[in-house]
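The values are calculated or read from the model by the stated rules, or taken from the named source; none is laboratory data. Just so it is clear, the model here is predicted, and its values are computed rather than measured. Cβ: placed from backbone, ideal geometry, glycine included. Neighbour counts: every protein chain shown.
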Amino acid sequence: MPIALIPSFVAPSAPDVIGYDELADPAEEVMAQCGFFVPHYLGPDPNAHLMARMPLLERTQLLTAGFEAALPYLPQGVVLSNAVGVHDAATSELAVGLILASLRGIDTAARAMTTATWVHSHHVSLADRSVLILGAGGVGSALARRLEGFEAEVTLVGRTRRTTLAGEPAVTARVAGSVAGFSELQDLLPKADIVVLALPLTIETKGLVDSQFLARMRDDSLLVNIARGPVVKTDDLVAALSSGRIRAALDVTDPEPLPVDHPLWRCPNLLITGHLGGNTTSFPPRAILLITEQLRRWRSGEPALHIVAGGST
């Protein structure tokens, strides 16, 4: 019988589950028996290349919402699922933190502490700001719900216009009762004080934020990227930040990690965190719940959840 090969820190206890150390590849004889695989979470790339050494592999469950790094290694016939719901809370929390830190000058105050400098100045409040969230999936919807409590005006943008679905933000005075479509971006961008990127990296979204996109953003507006670095054309962002016209807060960059001599480090009006989005205490318990359900479905022959490539079984 095939076994499940899962990183130890999220491996459920079961006879057919083998937990492996993320810092080392599993043994060849173990991979030869693997039918259900969860690539590791460490580093910029999961060890998805190991799928080629698993002749019995049927399903692969990622620990990330993004799946672009695994696609080149996906064997024919293997079902690939991403981690829908696992990182929604943590990543949306970080987005709120990046917005508040940027608007209220918290990063400036932290630097001023190193020289014991008292800095008092006027800042922008999140209350009454208009926030445009590009990506109406789990993370984008979770962020919209959190921003509602800050009295911000929130608009979600998805591939196409639609009414909100079950689980998405409720219709209130401050959260729009429908999801705008990407065809509406040209009109929405100049009206937003804050633009948050919560998109998957696809052919359509790679390089979406270019010089034309940035030029349509309102003067002194804030761009927040909690998606993937290549959604933004880095050189175009450097130019926009260097002009002083907009601000940005980035949890992800292109390239990543950012080299020490990269011009982004020297840009004004910029806050950078090192891809911290989902790596919190809320991650393991949510990952275990998802993996346990996906294992149950695999063992019983039921379709996998959250399939992003490779079929429907």
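Summary of values
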{"quantity": "Residues within region 56-96 that are part of a loop (DSSP other than H, G, I, E, B), farther than 18 Å from Leu305 by Cα and under 21 Å from the mean Cα position of the chain (by Cα), tallied", "calculated": "1"}
{"quantity": "Sole residue being at pLDDT below 95, of a type in the set (Gly, Ala, Ser) and out of contact with any helix residue (DSSP H, G or I) (no Cβ under 9 Å at 6 or more places or on another chain), chosen from Ala48, Ala112", "calculated": "Ala112"}
{"quantity": "Scope region 286-308; condition part of a helix (DSSP H, G or I), out of contact with any helix residue (DSSP H, G or I) (no Cβ under 8 Å at 6 or more places or on another chain) and of a type outside the set (A, V, I, L, M, F, W, C); matching residues", "calculated": "Thr292, Glu293, Gln294, Arg296, Arg297, Arg299, Ser300"}
{"quantity": "Pair list, Cβ < 8 Å and 6+ apart or interchain, from region 99-117 residues that are within 24 Å of Arg129 (Cβ to Cβ) to residues that are of a type in the set (Asp, Glu) and modelled with pLDDT under 95", "calculated": "Ala101/Asp107"}
{"quantity": "When residues of region 2-41 are limited to those that are assigned to a strand (DSSP E or B) and aromatic (Phe, Trp, Tyr), the one nearest to the chain's Cα centre (by Cα)", "calculated": "Phe37"}
{"quantity": "Qualifying residues in region 246-301 (those that are within 21 Å of Gly85 (Cα to Cα) and in contact with a Lys or Arg (Cβ under 8 Å, 6 or more places away or on another chain)) - the one surrounded by the fewest Cβ atoms within 10 Å (Cβ to Cβ)", "calculated": "Trp298"}
{"quantity": "Matching residues, region 263-285, being within 29 Å of His123 (Cβ to Cβ) and not in a loop (DSSP other than H, G, I, E, B)", "calculated": "Pro263, Leu264, Trp265, Arg266, Leu270, Leu271, Ile272"}
{"quantity": "Search result, residues across region 178-226 that are of a type in the set (S, T, N, Q) and surrounded by fewer than 18 Cβ atoms within 10 Å (Cβ to Cβ)", "calculated": "Ser178, Ser183, Gln186, Thr202, Ser211, Gln212"}
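Conditions (1) aliphatic (A, V, I, L, M); (2) more than 30 Å from Val17 (Cβ to Cβ), marked per residue:
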{"position": "Leu250", "(1), (2)": "yes, yes"}
{"position": "Trp265", "(1), (2)": "no, yes"}
{"position": "Leu271", "(1), (2)": "yes, yes"}
{"position": "Gly278", "(1), (2)": "no, no"}
